[in-house]
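Working notes, beginning with the structure itself.
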Amino acid sequence: MTKPEFSEPDSARPDLLCYLVAIAAASYALTYEWRVDHVVQCCRQWLMKNRLKMHWLDRIRMGQLALKIASQDLLEAGVAVRLHSVQALFTNEMELNGSSTMVQRMMVLCHDAL
């Protein structure tokens, strides 16, 4: 798979990927569905919030990679996102909670994937 790139020189790809993985895993824990539409919407919102741009094809690749990691790689890495642990993934501002060990493990997976 071709690695997605931001149009800005300082790439925040791991941060976005980890956010999307957390969103996908949390959404699955709440709905028991892998919500592609939710990942797409959250990707757009994250990019706008962070004032970044990403080519549409790279957004698709990033979303696919996030869903793959969330649906296949998290459990293998010992990260089980359950209904009761969803809130610990995010801050009140819906940003990743960097103090969460689950988020820290997700970030390692995302760095390795990129």
Query - Prolate/oblate/rounded label for segment 13-113 (Cα gyration tensor, a/c 1.5) - result: rounded
Query - Charge dipole (debye, nearest 20) of segment 13-113; +1 at Cβ of Lys and Arg, -1 at Cβ of Asp and Glu - result: 280
Report summary line: Under 5 Å from the placed amide H of residue 90, counting only residues 5+ away or on other chains, we find 97
Requested in this report: Rank-order 74-86, 21-33 by packing density, defined as the average count of other C-beta atoms within 10 Å over each peptide's residues, highest first.
Outcome: 21-33, 74-86
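Rule-based calculations on the coordinates, nothing more; no lab input. Everything quoted here is computed from the prediction, not taken from an experiment. Note that each Cβ is placed from the backbone with ideal geometry, even for glycine, and that neighbours are counted across all protein chains shown.
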